[in-house]
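To start, the structure itself, in structure tokens.
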Amino acid sequence: MTPWPPALPAKVHPTVRAFLDTPGLATATLTRFGSPAHLVFPQVYSDNLLRLRAVLERRLPGHRLCYAHKVNQSRAFVRTAAREGIAIDVASPHELAGAFAAGFDPPRIEVTGPKGEAFLRDLVDRGVTINVDNLWELGRIAELAAPGAEVPVLLRLSGFDAGQVSRFGMPQTHVEQAFDLLSARRGRVAFLGFAFHLDSGDLGERVRAIDSCLRLIEKAYERGLTPSVLDIGGGFRQVFTADAERFDAYVLALRESLLGRGEPMTWGSNTFGYHVAGGAVHGTPVFHKYANTVPADRMLADLLDAPLERHGGRTVAQVTGDNLLELWLEPGKALVDHAGITVATVEFVKEVADGSVLVHVDLSRDAVTPADQEVMVDPILLPRAGDGHAAGPVGVYLAGRLCLERDLITNHKVWLPTRPQPGDTVVFPNTAAYHMDLSAATASMHPLLAKFAVTRRTDGFRIVPDAEYEPGFPVAPRAANSATSPVRSVEAS
Ligand SMILES: Cc1ncc(COP(=O)(O)O)c(C=O)c1O
């Protein structure tokens, strides 16, 4: 039997779970620092990194992890990456400045994404690796580079499968021209190898892209060039759901509701990318990534263990090693998976004309939603202690603070265990990957949410402004009088 109510339970890292389970701590954090707030957990980031590293170290002597900074603006994450000894992928002058400030030296910095004239001029004599998006960029680098500069470049490719078009990277048909330029500008430009980035979770697509790059590396050698790097980008998935069966049951109930069966579950005319026709629901929903159950480390292991037909069935890892290539990765969301939450406060609860219940919170949709995609993870309600909350479950929509009809944080119905009351705390789980920062705006002059870094210590949790986070502080117990209550364990610096 389908369990009631429909639910989308969030997978929560044990460190974050311990934070949320400490009575009163989340609410005390908001009282101390102000509501709403983003909280990042650098120790969870390090855990994620450890798992990816373990997969790589077991299979590949030569590899490099470049943290894709664009996934989150947190300085604490960048400092953690620097401290952990990995490299960084930056995509703007501001991210580059942040990487330098966190202690990255140029050989550990890779610059990706499309770059204009001003940025390229700044980059050519920095010693950082430029991941070249197109022939114009390569031409400009070749013109700007001084003799003997040896500006390290990767060529980013795209369009590996027929019909697959990306606005990023260059088609394989441009590679001969790139080889001409690289040969002519030897000494000024150092050709490291090829790069790609796929947003897809499809193993076959990634294997085909790798195979195309290997083919082009062979061609480069025929042209007297000596590439040694294969950069496979990011795109390693997150696992949001704690219960895939309940997720599927929720989606089934949602589809039924779109057909007018059972309780309404959508705000307004939202269909989430589904197409409703002929008494049936068709298509793939925009939120399909929230159903994923394959963690990033398994996805990476499957990729490295995938056989390459053209190489006699030897695996991606074996062929890379045989050819003395260094495999570079640019994970963003895989490194920050479960390493951040967003905490807000309930302002009020109201009923609207069709009987729907709206829970108004003090942030807007863009603070917890990447590129306006519907987030299919249940928020966690932490009721204020002592208040009599009416028993639930109660099906609600969460509404944001902007004077816009579209500022609904959930356009799908969420069942909460009790009817919220003003002053209750609401936690949005797993918001560190793009959710926090990608679309966040200062509409209505609301300031962007402040961000704090949370570290678990033997005696509780330490919370500091994100910009002030220093990795590796001692975890010795603090003075006895400072750890006796949850509020005290919110230690400001
Ligand atoms: C070039 C490049 N590398 C890496 C990433 C990080 O991707 P993900 O967060 O999916 O790992 C991105 C994301 O857009 C990208 O554009």
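So for region 140-226, considering every pair of alpha-carbon atoms, how many percent are separated by more than 21 Å?
Summing the P(r) tail past 21 Å for region 140-226 gives 33 percent.
Calculate the dipole size of the chain relative to its Cα centre from +1 charges on Lys and Arg beta carbons and -1 charges on Asp and Glu beta carbons; express the result in debye to the nearest 20. Write down the numbers at each step before the final one.
Working: 49 positive and 56 negative charges, 135 e Å.
Dipole about the Cα centre, nearest 20: 640 debye.
Please give, to one decimal in nm, the separation of the simple spin-label points placed at Thr226 and Val294, each 7 Å out from Cα toward the Cβ.
About 3.7 nm, to one decimal.
What Kirkwood radius, in Å to one decimal, follows from the Cα pairs of region 261-417? Working shown, then result.
Working: mean 1/r = 0.0512 Å⁻¹.
When all Cα pairs of region 261-417 are included, the Kirkwood radius is 19.5 Å.
Using only the alpha carbon atoms of the chain, find the Kirkwood hydrodynamic radius as the inverse mean reciprocal pair distance, in angstroms to one decimal. Walk me through the intermediate numbers first.
Details: mean 1/r = 0.0409 Å⁻¹.
Hydrodynamic radius (Kirkwood, Cα only) of the chain equals 24.4 Å.
Of the cross-linked pairs Lys70/Lys413; Lys413/Lys451; Lys11/Lys413; Lys350/Lys413; Lys115/Lys451; Lys115/Lys289, which ones have a Cα-Cα span greater than 23 Å in the structure shown?
Table pairs above 23 Å Cα-Cα are Lys70/Lys413; Lys413/Lys451; Lys115/Lys451; Lys115/Lys289.
Please give the net charge around Gly103, taking every other residue with its beta carbon less than 12 angstrom from that of Gly103, where Lys and Arg add +1 and Asp and Glu add -1.
+1
Using the beta-carbon distance between Thr22 and His282 and R0 = 51 Å, what value does 1/(1 + (r/R0)^6) give for FRET efficiency, to the nearest 0.05? Can you show the working numbers first?
Details: r = 46 Å, r/R0 = 0.90.
The calculated FRET efficiency here is 0.65.
Provide the net charge surrounding Leu214, with neighbours chosen by a C-beta distance below 14 Å and charges set as Lys +1, Arg +1, Asp -1, Glu -1.
Its environment carries a net charge of -1.
Once you have the Cα-Cα distance between Arg167 and Arg406, take 0.36 nm times their residue separation minus that, and quote the gain in nm to one decimal.
Numbers: separation 239, 0.36 × 239 = 86.04 nm, distance 2.86 nm.
The Arg167-Arg406 span can extend by a further 83.2 nm.
Along the Cα-to-C-beta direction of Asp354, a point sits 7 Å from the Cα; which residues of region 245-269 have their amide N less than 13 Å from that point?
Hits in region 245-269 for Asp354 at 13 Å: 257-261, 263-269.
For a Förster distance of 30 Å, can you work out the FRET efficiency between the beta-carbons of Glu57 and Ala306, rounded to the nearest 0.05?
Rounded to the nearest 0.05, the efficiency is 0.95.
With Rg and the Kirkwood Rh both taken from Cα atoms, where does Rg over Rh land for region 41-105? Let's see the in-between values first.
Numbers: Rg = 11.9 Å, Rh = 12.2 Å.
Result: Rg/Rh = 0.98.
Report the percentage of all Cα-Cα pairs in region 1-128 whose separation exceeds 23 Å, rounded to a whole percent. Provide the component values of the computation, followed by the final result.
Numbers: 4118 of 8128 pairs.
Percent of Cα pairs beyond 23 Å in region 1-128: 51.
Residues in region 140-168, backbone N under 17 Å from the label point at Asp199 (7 Å along the Cα-to-beta-carbon vector): list them, ranges by number please.
From region 140-168, the list is 157-161, 163-168.
Please sort by residue number the trypsin sites (Lys or Arg not before Pro) in region 194-276 whose DSSP state is loop and whose Cβ has at most 16 other Cβ atoms within 10 Å.
Numbers: sites: Arg206, Arg208, Arg215, Lys219, Arg223, Arg237, Arg246, Arg255, Arg261; in loops: Arg223, Arg237, Arg261.
Those that pass, being in a loop and sparsely packed, are Arg223, Arg261.
Could you give the Stokes-Einstein D for region 105-153 in µm² per second, using the C-alpha Kirkwood radius, 37 °C, 0.692 mPa s?
Result for D is 308 µm²/s.
Return, for the Cα atoms of region 68-187, the radius of gyration and Dmax in Å, separated by a comma.
Spelled out, the Cα radius of gyration and Dmax of region 68-187 are 15.1, 42 Å.
All other residues with a Cβ under 12 Å from the Cβ of Leu8 taken together, and with Lys, Arg as +1 and Asp, Glu as -1, what is their net charge?
Summing Lys and Arg as +1 and Asp and Glu as -1 gives -2.
Each value in this text was obtained by applying a stated rule to the coordinates, not by laboratory testing. Bear in mind that the values here come from a model prediction, so they are computed numbers and not experimental data. Don't worry about glycine lacking a Cβ; one is built from the backbone with ideal geometry, like all the others, and counts go over all protein chains shown.
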